[in-house]
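> Dropping the structure in here first, questions after.
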Amino acid sequence: MCGIVGVIKRKANNVAKDLYFGLLAIQHRGQDASGMLVCGERKCYLKKGNGLVTSLFNEELMFQLPGYMGIGHVRYPTIGLGKEEEAQPFFIKEMGVGLAHNGNLLNYFQLREQLVSKGVKFLSSSDGELLLQLFIVNYGGDPFEAAKKVMEVARGAFSIVMCIKDKGLMAIRDRFGFKPLVLGEKDGDYMVTSESVALDILQYRLVRDVKPGEAILITPEGEIIARQLYPAIPRYCIFEYVYFARPDSIINGIPVYKARYRLGVNLAKEVEKRGIKPDVVIPVPDTARTAAFAISEYLGVPYKEGLIKNRYIGRTFIMPRDEKRMERVKVKLNPVRYEIEGKKILLVDDSIVRGNTSRAIIQLVRQVNPTAVYFASTAPPLKYPCYYGIDMQTRREFIAKDKSVDEIRKVIGADVLVYQTLDGLVEGVDSGATFCTACFNGDYPIPPREEEIECIERQRLDVGR
Ligand code: SF4
């Protein structure tokens, strides 16, 4: 999971400021590395490295950088080792072409071998660099032709923003549209980004989503050229609505807040079926808040903030290493004794991946003596790896892979465990859209080949060592 931003302006030379604030708005999509490429008439400036946007960029200096077009990136590493040189954007100075992307390629290793055999030299193991090189070797002056070739040979998820010298800002989305990508406009200037929240804070108007299979070129004169390069087969990542996206974003035309609220209502129906009568509903902050609020309303049970989060600790799920995740849970959450002690509490979380985070949270609340701890997950059991850009790419990671709901309940230490159903998830997010639900049911829009799975799993295990 990563976040991307691209900005192009007709008259002003100050895109750096918009990129900076845009990246800040989507920092939740990746805290590992940040980067920006700012292009002026004569010169481009690239700065990137490991760290948060605020730690990497000096606001005052950044705002003085002249540029009418630029792209930015916040990273969570999905493939590669999380090294400094893998931070995005990537830029080929001689060509004047830069790229930032969100997603993951299944055939990364095969494509890399092919490009290396053609003499391409790689400086990192990032699929962003590979996409850029793939574009460049197919670029003869028409960016749509090159984009079409990228779409033809790259198997996987990719939402891309590019700066192309003398051409403008380009946005490309794979034909399944796994990762969100929205287009915004303000007084003839344009922004393309992962989530509409970045548009909101800078007063850009949400125009529309970049369609799956589409490429859009915005010229320095403000002309928009949009081409459907391949027929769209929409399979939007449903996990965006469960966890990744900010609730104040609208992606794929669906407001994330509304989706999370409906997920809460559907989960409340499951809780009701189990005959559980909690005294309070408590969200695991922050993602589960909206769903917990909906459950509380539906069941007529008070909503309480029984777990307080240290806001200076990052999202546990997007910490790369497992040990780090465990450490962080302990220092991240603290129970509010008087909301929990002597009560039957319903804890609501967005999902259960490995179970270790849920177990740690339940241990934490048991220290302040509730009479019962019920646990509800707004997502169904996660069972299958994601090969499209989320840090759950090996088959060993999921507690639900080979355990029943009751076995999981015992492992995490809950008195009752309630999961969302898959129908409840899809209907709750939007019954009219088509989604990727592969991590829940193994129905992969792009089925991974065995050799691709082996390459990815080997890579992940190497990273974990
Ligand atoms: S497998 Fe799951 S996390 Fe990955 S793209 Fe599909 S729905 Fe999203």
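> Exactly one of these conditions fails for Gln420: (1) in contact (Cβ under 8 Å) with a residue 40 or more places away in the chain; (2) away from the ligand (no atom under 16 Å from the Cβ). Give me its number.
Tallying (1) in contact (Cβ under 8 Å) with a residue 40 or more places away in the chain; (2) away from the ligand (no atom under 16 Å from the Cβ), Gln420 fails exactly one: (2).
> Return the pair list, or none, for Cβ contacts closer than 6 Å from residues in segment 256-267 that are within 11 Å of Tyr298 (Cα to Cα) to residues that are surrounded by fewer than 24 Cβ atoms within 10 Å (Cβ to Cβ), at least 6 apart or on different chains.
Sorted first by the residue in segment 256-267, then by its partner, the pairs are Tyr261/Thr290; Val265/Tyr298; Asn266/Gly424.
> Only residues that are of a type in the set (D, E, K, R) and more than 24 Å from the chain's Cα centre (by Cα): list them for segment 342-389, please.
Quick first cut of segment 342-389, residues of a type in the set (D, E, K, R) only: 343-344, 349-350, 354, 359, 366, 383.
Of everything in segment 342-389, those that are of a type in the set (D, E, K, R) and more than 24 Å from the chain's Cα centre (by Cα) turn out to be Lys343, Lys344, Arg359, Arg366.
> Under 6 Å between Cβ atoms, which residue pairs at least 6 apart in sequence (or on different chains) link something in segment 442-459 that is on the phi > 0 side of the Ramachandran plot with a partner that is open to solvent by 30 Å² or more (accessible area, probe 1.4 Å) and within 13 Å of the ligand (Cβ to nearest atom)?
Gly442/Tyr384
> Return only the number of the condition from (1) more than 20 Å from Tyr139 (Cα to Cα); (2) in contact with a Cys (Cβ under 7 Å, 6 or more places away or on another chain); (3) not polar (S, T, N, Q) that Met62 does not satisfy.
Single failed check for Met62: (2).
> Filter segment 109-125 for residues that are open to solvent by less than 70 Å² (accessible area, probe 1.4 Å) and not polar (S, T, N, Q) and give the result.
So the first thing to find is which residues in segment 109-125 are open to solvent by less than 70 Å² (accessible area, probe 1.4 Å), and the list is 109-112, 115, 119-120, 122, 124-125.
Selection gives Phe109, Leu111, Arg112, Leu115, Gly119, Val120, Phe122.
> Here is a follow-up. If I filter segment 450-463 for residues that are within 16 Å of the ligand (Cβ to nearest atom), more than 24 Å from Gly355 (Cβ to Cβ) and within 24 Å of the chain's Cα centre (by Cα), do I get at least one hit?
Looking only at segment 450-463, we keep the residues that are within 16 Å of the ligand (Cβ to nearest atom), and these are 452-453, 456-457, 460.
Add one more test, that the residue is more than 24 Å from Gly355 (Cβ to Cβ), and what stays is 452.
So of that shortlist, the ones also within 24 Å of the chain's Cα centre (by Cα) come out as 452.
Yes, there is a match, as at least one residue in segment 450-463 is within 16 Å of the ligand (Cβ to nearest atom), more than 24 Å from Gly355 (Cβ to Cβ) and within 24 Å of the chain's Cα centre (by Cα).
> Let me ask something additional. From His73, His28, grab the single residue that is in a helix (DSSP H, G or I) and under 21 Å from the mean Cα position of the chain (by Cα). Talk me through it step by step, then tell me what you get.
Values: His73 fails: in a helix (DSSP H, G or I).
Result of the check over His73, His28: His28.
> Taking Gly82 and the conditions (1) open to solvent by 10 Å² or more (accessible area, probe 1.4 Å); (2) assigned to a loop (DSSP other than H, G, I, E, B); (3) at pLDDT below 95; (4) in contact with a helix residue (DSSP H, G or I) (Cβ under 7 Å, 6 or more places away or on another chain), which numbered condition does it fall short on, given that it satisfies the others?
Status for Gly82: all satisfied but (4).
> Where in segment 167-271 are the strands (runs of 3 or more DSSP E), entirely inside, with at least 2 residues that are open to solvent by 10 Å² or more (accessible area, probe 1.4 Å) and within 16 Å of the ligand (Cβ to nearest atom)?
Details: elements: 168-173, 182-186, 189-193, 205-209, 214-218, 224-228.
So the answer is none; nothing clears 2.
The rows are residues; the columns are (1) at pLDDT below 95; (2) within 16 Å of the ligand (Cβ to nearest atom).
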residue	(1), (2)
Val353	yes, yes
Gln367	yes, no
Pro380	no, yes
Tyr387	yes, yes
Ile390	yes, yes
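> Can you pull out every residue in segment 286-307 that is surrounded by fewer than 18 Cβ atoms within 10 Å (Cβ to Cβ) and either at pLDDT below 95 or charged (D, E, K, R) (or both)?
Listed by number, the residues that qualify are Asp286, Glu297, Glu305.
> Sticking with this structure for a sec: What single numbered condition from (1) open to solvent by 10 Å² or more (accessible area, probe 1.4 Å); (2) within 16 Å of the ligand (Cβ to nearest atom) fails to hold for Lys148?
Result: Lys148 passes all but (2).
> May I ask you to list pairs of residues, at least six apart or on different chains, whose Cβ atoms are under 9 Å apart, with the first in segment 35-59 being assigned to a loop (DSSP other than H, G, I, E, B) and the second being among the basic types (Lys, Arg)?
That search, which allows pairs on different chains as well, returns Phe57/Lys47.
The values are calculated or read from the model by the stated rules, or taken from the named source; none is laboratory data. As the structure is a computational prediction, the values presented were derived from the model and not from experiment. All Cβ positions, glycine included, derive from the backbone under ideal geometry; neighbour counts span all protein chains shown. In case anyone asks, the SASA skips ligands and DNA or RNA and just uses the protein heavy atoms, side chains included. Shrake-Rupley method; radii C 1.70, N 1.55, O 1.52, S 1.80 Å.
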